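As structure tokens, the structure follows; a few thoughts come after it.
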Amino acid sequence: MENKHFEGLIAATFTPFHPNGRLNLDIIPEYALRLKKEGIKGVFVCGSSGEGLLMGVEERKAVAEAWMPFADDQFRVIVHVGSTSAKIARELSAHAASIGAGAIGCMGPCCFQPRDAQTLTAFCAEVASAAPELPFYYYHIPSTSGVNVQMSEFLKIAGDTIPNLAGIKYTNNNMMDMMECMDIKNNKYDILHGHDETLLAGMTLGAKAAIGTSFNFIAPVFNELIEKFNKKQLDEALKIQKKANRIIDIMLSTGSAISGGKAMLKMSGIDCGPCRLPLSTLSAEQEKKLRNKLEEAEYFKINGQ
């Protein structure tokens, strides 16, 4: 297995649903082309933003399959296969391999959470072994999974146990641990930054790529941030991070990045429909308030509307 480290922005995509709750896969072609046009380098499908854990196994397979026609060398598809059941995660891993996915990611099990690196490694090894030809990324998001194992310790153990271990989707604010992960075995592992609102900080530590929810609708802002950072125009990059954070703060003010994010993407022309319970879908009145806040923040100018 050969894995090229990611660079640039990877969108944590939303899953489109019809008003009746069924999958609306017809949205994905337009969605994918929009992301490509805006300079997105890949997608992370069926993750937390994609409500993966709220879908059935066959639904998750269908979503992954719907994204694959748009995959190429410049637009890689990472399929999230995580589940509380290692058996289900293995089935999804094997399916991702069968459809030619670029990589798989796996969140720690949010029921009976592993409390140490050894136990987490054992779980991930079982999942990863079902698709040994695919790069395996552990999805570190303790705020959702409840699995709060130190990732630098995990890499040291898992690196000797999981042959296809490629790196971590690092969605946590422990920057010291993140930096230590990057240093292991001379930057062997691909550490993908997972908090949009601290991307600039992650890049100063050495992150080359990021997976984020807000990249679905403000990718041009973050691509400009990356450009300024690469030109060592750090003051300008910081201004852009602050501009992005004003938009992210408005998204989070709805109570959920997924509920708010889906509504914002809808306002930008891609309607991914409602959320699944226990997530809530914004009411018409809530959408109106959200739009007003976004207009004040000049969100629609950012998106060329």
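The values are calculated or read from the model by the stated rules, or taken from the named source; none is laboratory data. Bear in mind the structure is a predicted one, so any value in this text is a computation, not a measurement. Reconstructed Cβ throughout: ideal geometry from the backbone, glycine too, with neighbour counts over all protein chains shown. In case anyone asks, the SASA skips ligands and DNA or RNA and just uses the protein heavy atoms, side chains included. Shrake-Rupley method; radii C 1.70, N 1.55, O 1.52, S 1.80 Å.
Structural remarks
- If the condition is being open to solvent by 10 Å² or more (accessible area, probe 1.4 Å) and part of a helix (DSSP H, G or I), then segment 13-34 contributes LEU25, ASP26, ILE27, PRO29, GLU30, LEU33, ARG34.
- Residue in segment 179-189 that is of a type in the set (Phe, Trp, Tyr), free of Cβ contacts under 8 Å to residues at least 40 places away in the same chain and either closer than 30 Å to ASN245 by Cα or touching a Leu at 6+ places or on another chain (Cβ under 7 Å) (or both) present: yes
Matching residues to (1) farther than 25 Å from GLN113 by Cα; (2) of a type in the set (Phe, Trp, Tyr):
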site	(1), (2)
PHE44	no, yes
SER49	no, no
GLY52	no, no
PRO69	yes, no
ASP72	yes, no
ILE78	no, no
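- Residue check for GLY261: touching a His at 6+ places or on another chain (Cβ under 9 Å), under 23 Å from GLY194 (Cα atoms) and surrounded by 22 or more Cβ atoms within 10 Å (Cβ to Cβ): no
- Counting the residues of segment 35-53 that are crowded, with 23+ Cβ neighbours inside 10 Å and without any contact (Cβ under 8 Å) to a residue 60 or more places away in the chain gives 5.
- Annotation note: of LYS228, LYS239, the sole residue that is basic (Lys, Arg), assigned to a helix (DSSP H, G or I), buried (at least 17 other Cβ atoms within 10 Å of the Cβ) and without any contact (Cβ under 8 Å) to a residue 60 or more places away in the chain is LYS228.
- When segment 101-122 is limited to residues that are among the hydrophobic types (A, V, I, L, M, F, W, C) and over 10 Å from GLY82 (Cβ atoms), the one that is most open to solvent (accessible area, probe 1.4 Å) turns out to be PHE112.
- Looking across segment 272-287, just one residue is among the hydrophobic types (A, V, I, L, M, F, W, C), farther than 17 Å from LEU23 by Cα and not in a helix (DSSP H, G or I), and that is LEU282.
- Taking first residues from segment 242-271 that are assigned to a helix (DSSP H, G or I) and partners that are open to solvent by 50 Å² or more (accessible area, probe 1.4 Å) and not polar (S, T, N, Q), the Cβ contacts under 6 Å between residues at least 6 apart in sequence or on separate chains come to ASN245/GLU197; ILE248/GLU197; ILE250/LYS293.
- Complete set of residues in segment 272-294 that are in contact (Cβ under 8 Å) with a residue 60 or more places away in the chain, of a type in the set (A, V, I, L, M, F, W, C) and more than 15 Å from THR213 (Cβ to Cβ): LEU277
- Qualifying residue in segment 264-286 (condition: over 20 Å from the mean Cα position of the chain (by Cα), exposed (fewer than 12 other Cβ atoms within 10 Å of the Cβ), closer than 15 Å to ILE250 by Cα and at pLDDT 95 or above): no
- Within segment 93-123, the set of residues being part of a helix (DSSP H, G or I), touching a strand residue (DSSP E or B) at 6+ places or on another chain (Cβ under 8 Å) and in contact (Cβ under 8 Å) with a residue 40 or more places away in the chain comprises SER93 only.
- ASP26, sole failed condition from (1) within 18 Å of GLY273 (Cα to Cα); (2) touching a residue at least 60 places away in the same chain (Cβ under 8 Å); (3) of a type outside the set (A, V, I, L, M): (2)
- Residue within segment 58-73 that is of a type in the set (D, E, K, R) and over 28 Å from CYS110 (Cβ atoms) present: yes
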